[in-house]
Amino acid sequence: MLGICRGRRKFLAASLTVLFVPAITWIYLFAGSFEDGKPVSLSPLESQPHSPRYTASSQRERESLEVRMREVEEENRVLRKQLSLAQSRGPAHHRGNHSKTYSMEEGTGDSESLRAGIVAGNSSECGQQPAVEKCETIHVAIVCAGYNASRDVVTLVKSVLFHRRNPLHFHLIADAIAKQILATLFQTWMVPAVRIDFYDADELKSEVSWIPNKHYSGIYGLMKLVLTKTLPSNLERVIVLDTDITFATDIAELWAVFHKFKGQQVLGLVENQSDWYLGNLWKNHRPWPALGRGYNTGVILLLLDKLRKMKWEQMWRLTAERELMSMLSTSLADQDIFNAVIKQNPFLVYQLPCFWNVQLSDHTRSEQCYRDVSDLKVIHWNSPKKLRVKNKHVEFFRNLYLTFLEYDGNLLRRELFGCPSEADVNSENLQKQLSELDEDDLCYEFRRERFTVHRTHLYFLHYEYEPASDNTDVTLVAQLSMDRLQMLEAICKHWEGPISLALYLSDAEAQQFLRYAQGSEVLMSRHNVGYHIVYKEGQFYPVNLLRNVAMKHISTPYMFLSDIDFLPMYGLYEYLRKSVIQLDLANTKKALIVPAFETLRYRLSFPKSKAELLPMLDMGTLFTFRYHVWTKGHAPTNFAKWRTATTPYRVEWEADFEPYVVVRKDCPEYDRRFVGFGWNKVAHIMELDAQEYEFTVLPNAYMIHMPHAPSFDITKFRSNKQYRICLKTLKEEFQQDMSRHYGFAALKYLTAENNS
């Protein structure tokens with residue numbers, strides 16, 4: 001950057017010289033040619049050698065001035081020529097992905113002089129110049145595997161998106177789990193000018209599995225070594241980041257550093273800020289060979305095209321094989337091998353200023369990388385302790401990290417004005433659907449919600465479950481918001497089988513949920529619960545979208561469609577698995593009804609069997625669900641018959657019927673037009689009936705609704721007349737759609753509605 005500043009200062013000085021030197025010279029000469037207020041001619045043709053006023057000294061003065069004028073004119077001519085050449089050349093072209101760029105930071109091999117120049121370098125007025133061209137795409141590679149790393153990647157990406165001004169292309173080397181999570185997340189995030197490509201990490205295992213690694217990152221911690229082979233052959237350069245990185249500046253500034261590489265420099269790295277490679281941390285500590293303090297590989301600039309020409313694959317493999325003969329295994333995964341290669345070939349590395357990788361592990365020299373907040377560029381939580389690391393300014397760093405952790409990701413859907421973006425079919429379809437809506441319609445917001453794309457993070461916590469091999473397994477499906485978290489532990493105690501939950505949360509609430517779950521022994525002991533975060537957007541609770549998300553991500557052949565406020569009877573999971581076989585659910589279209597009851601008591605001695613439940617029903621401790629406010633919802637279950645039934649019995653569909661059922665996983669989805677309170681389950685049961693599902697009541701199954709404060713949506717339904725009008729309109733439109741789809745058979749729904 002200093003070179004650019006000097007060049008521009010020279011350019012400015014030269015321009016001023018061209019403009020002002022001739023003017024000053026002429027003023028001086030013109031002023032000097034006056035004597036006693038009268039002009040003195042300087043032209044030889046007008047000289048008067050015989051004039052009494054003419055002297056030899058004045059002749060010499062005039063001649064010297066004329067010589068000086070010719071010299072100045074010659075200097076100006078040379079300067080003008082230099083300026084025209086400089087302007088015609090323009091800025092030097094940057095090596096790499098066919099684009100011009102300007103560096104904002106100067107790397108150096110002398111870390112002491114670097115630290116001394118940090119403040120001056122950051123405050124330079126030239127630092128205000130653009131780092132790269134406006135619409136140049138910046139390529140970023142990240143290795144990500146598993147559930148926890150997927151969460152970390154989101155925070156990293158948020159910090160990059162927050163500061164960025166350029167299109168981004170993320171290259172994610174991911175295992176099957178991370179790919180499923182992140183593909184859904186980015187597809188529903190719909191951030192403009194961001195492209196995502198995935199590379200199968202499991203296919204790369206054979207490339208590095210021969211290297212023993214003691215680092216907690218496991219085999220995936222070695223995969224940065226094979227990026228030259230993994231990434232597209234036409235990709236010339238890439239920034240490689242660990243998942244535990246947080247950006248505090250525009251990533252374009254780091255991208256701009258590539259043009260500082262000279263000669264055979266192909267790796268941009270920051271010096272390691274701990275004493276690890278010095279070998280003095282403990283007695284008999286023997287690290288891998290490194291140049292001085294070594295380099296940290298949490299942030300790497302790779303010139304891929306040059307690395308390929310240098311046969312990087314062969315270089316690192318030979319080095320690793322040689323060192324493993326004595327070291328036996330790596331301690332810091334790929335970092336050990338990178339450093340061993342650099343030790344043998346120091347010309348490969350370009351040392352980045354240390355503020356590009358401020359390493360927050362215990363006892364590091366990271367404090368020497370910054371003097372002020374403005375000096376910070378990249379923060380690296382490279383200690384296994386993560387946020388609990390010891391550092392003088394850890395509170396500041398922790399708050400910065402938490403800012404992005406809890407930042408509303410929807411706000412990062414910013415357009416990059418002036419930059420053409422690739423056509424996104426999903427985005428175009430969404431815009432088309434929204435454009436067809438009438439914004440003057442009083443029910444516009446209801447209709448719009450049907451098409452809203454909610455950012456979705458699947459499997460927010462670790463999930464591990466293999467369905468039973470007998471194909472009878474059942475997953476409990478439910479949805480909830482923050483105010484129902486207290487039900488999770490109780491449901492887990494009542495239902496030992498797999499659970500799929502969709503949680504409607506903000507980014508900040510998602511972190512509160514994470515802390516709640518991690519602090520619960522009950523929840524942490526269960527690995528068969530899938531928590532899927534659907535992030536808040538809009539004014540309605542998208543209840544049927546949430547149900548669809550939870551339904552879609554089950555791994556069992558059957559599902560129990562429940563609600564979060566219900567506790568299933570003890571042993572219901574095993575009972576349903578037996579019922580699935582008994583009623584041949586695999587080969588018939590059946591919906592098995594679990595009768596629903598409720599209590600008004602917050603503390604309930606939960607009945608352990610039907611025999612215990614019936615007396616509680618007689619005494620008024622329990623009631624059939626909503627019998628006093630919405631009898632039609634569950635009346636067709638025929639509770640009177642259920643009391644004495646010992647075998648399953650069939651019931652017919654009736655208007656407004658909304659039981660809780662067990663069905664095959666291929667059943668229809670819930671209709672998204674119904675949001676908040678009202679008709680969300682009714683419409684689904686109606687569609688099951690239209691598809692000729694048979695409703696069968698289970699005689700020894702039950703569930704109990706626990707009391708809670710009224711939801712915000714039911715309050716709106718009761719208090720807002722327009723809400724009720726719109727719900728009625730949506731019901732009528734749904735019934736018309738049913739008639740069009742199912743024909744004559746669907747006429748009964750219109751008749752039943754009119755008679756109800």
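Set side by side, the residues A468, A508, A490, A502 differ, and just one is without any contact (Cβ under 8 Å) to a residue 60 or more places away in the chain and either outside any loop (DSSP other than H, G, I, E, B) or in the same structural domain as Y558 (by the TED database) (or both), which is A502.
When the range 231-248 is filtered for residues that are surrounded by 20 or more Cβ atoms within 10 Å (Cβ to Cβ) and among the polar types (S, T, N, Q), the ones remaining, listed by number, are T243, T246. Scanning the range 579-605 for residues that are of a type in the set (F, W, Y) and modelled with pLDDT of 95 or more returns a single hit, F597. A single entry from V543, V522 fulfils the requirement of being assigned by the TED database to the domain that holds F717 and surrounded by fewer than 21 Cβ atoms within 10 Å (Cβ to Cβ): V522.
If you check R237 against the conditions, is it touching a helix residue (DSSP H, G or I) at 6+ places or on another chain (Cβ under 9 Å), among the charged types (D, E, K, R), within 28 Å of V160 (Cβ to Cβ) and in contact (Cβ under 8 Å) with a residue 60 or more places away in the chain? So R237 fits the description; yes. If you go through the range 439-458 one residue at a time, do you hit one that is open to solvent by 10 Å² or more (accessible area, probe 1.4 Å) and closer than 24 Å to V662 by Cβ? Looking for residues that are open to solvent by 10 Å² or more (accessible area, probe 1.4 Å) and closer than 24 Å to V662 by Cβ, one finds none in the range 439-458, hence no. Of the residues in the range 227-238, at least one is under 20 Å from the mean Cα position of the chain (by Cα) and assigned to a strand (DSSP E or B). Looking at the range 611-644 only, could you name the residues that are over 15 Å from A701 (Cβ atoms), open to solvent by less than 20 Å² (accessible area, probe 1.4 Å) and not in a loop (DSSP other than H, G, I, E, B)? Residues satisfying the conditions are G633, P636. When only residues in the range 368-405 that are at pLDDT 80 or above and of a type in the set (F, W, Y) count, which is most open to solvent (accessible area, probe 1.4 Å)? Among them, the one singled out is F396.
So that you can scan it fast, the table gives a plain yes or no per residue for (1) small (G, A, S); (2) over 42 Å from the mean Cα position of the chain (by Cα); (3) under 30 Å from F451 (Cα atoms):
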{"site": "E537", "(1), (2), (3)": "no, no, yes"}
{"site": "P542", "(1), (2), (3)": "no, no, yes"}
{"site": "N548", "(1), (2), (3)": "no, no, yes"}
{"site": "M559", "(1), (2), (3)": "no, no, yes"}
{"site": "D563", "(1), (2), (3)": "no, no, yes"}
{"site": "L567", "(1), (2), (3)": "no, no, no"}
{"site": "Y570", "(1), (2), (3)": "no, no, no"}
{"site": "F606", "(1), (2), (3)": "no, yes, no"}
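The values are calculated or read from the model by the stated rules, or taken from the named source; none is laboratory data. For clarity, every value in this text was computed on a predicted model and none was experimentally measured. Positions of Cβ are backbone-derived with ideal geometry, glycine not excepted, and every protein chain shown enters the neighbour counts. These area figures cover heavy atoms from the full protein model, side chains too; ligands, DNA and RNA do not enter into them. Shrake-Rupley method; radii C 1.70, N 1.55, O 1.52, S 1.80 Å.
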